[in-house]
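Asker: First the structure, which I've put down as structure tokens, then a few questions once you've had a look.
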Amino acid sequence: MKKILILVAVALGIFLVITNPNGAAGSVTNVGNILYDAAQSVSTFVTNLI
């Protein structure tokens, strides 16, 4: 069951990239920005502890 869900998720991802590449690129950029902001916040927190 888990293998089927992974295959469906990958197929959906490929479908979205093929049908709307600009939207997919924007989504990846947004996720990257969220991860960067989270890392920046953790870094600031740790720096303020020291």
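The values are calculated or read from the model by the stated rules, or taken from the named source; none is laboratory data. Note that this is a predicted model, so its numbers are computed, not measured. Side chains are part of the model used for accessible areas, which takes the heavy atoms of the whole protein and leaves out ligands, DNA and RNA. Shrake-Rupley method; radii C 1.70, N 1.55, O 1.52, S 1.80 Å.
Asker: Counting only heavy atoms of protein chains, what accessible area per residue, in Å², does the chain have with a probe of 1.4 Å?
Answerer: 90
Asker: List, in order, the whole-Hz ³J(HN,Hα) value for each residue of the stretch 14-29 obtained from phi through the Karplus relation with A = 6.51, B = -1.76, C = 1.60 and θ = phi - 60°; use x for Gly and Pro.
Answerer: Values per residue, Gly and Pro as x: 5, 4, 5, 5, 5, 7, 8, x, 5, x, 5, 5, x, 5, 5, 4 Hz.
Asker: Of the labelled options (1) 1.26; (2) 1.09; (3) 0.97, which one gives Rg/Rh (Cα atoms, Kirkwood Rh) as computed for this structure?
Answerer: (1)
Asker: Further question: Show that you can apply the helix-only estimate: for the chain, add -39,500 (n - 2.57) for every DSSP H stretch of four or more residues, divide by all residues, and state [θ] at 222 nm to the nearest 500.
Answerer: Calculated mean residue ellipticity at 222 nm is -33000 deg cm²/dmol.
Asker: Expressed as a whole percentage, what fraction of the accessible surface of the chain belongs to carbon and sulfur atoms when a 1.4 Å probe is rolled over the protein heavy atoms?
Answerer: Heavy-atom surface of the chain belonging to carbon and sulfur, 1.4 Å probe: 74 percent.
Asker: Follow-up. Pulled fully out, how much extra length does the chain show between Phe15 and Ser43, if you take 0.36 nm times their separation in residues and subtract their Cα-Cα distance?
Answerer: That pair, Phe15 and Ser43, stretches by 6.4 nm at full extension.
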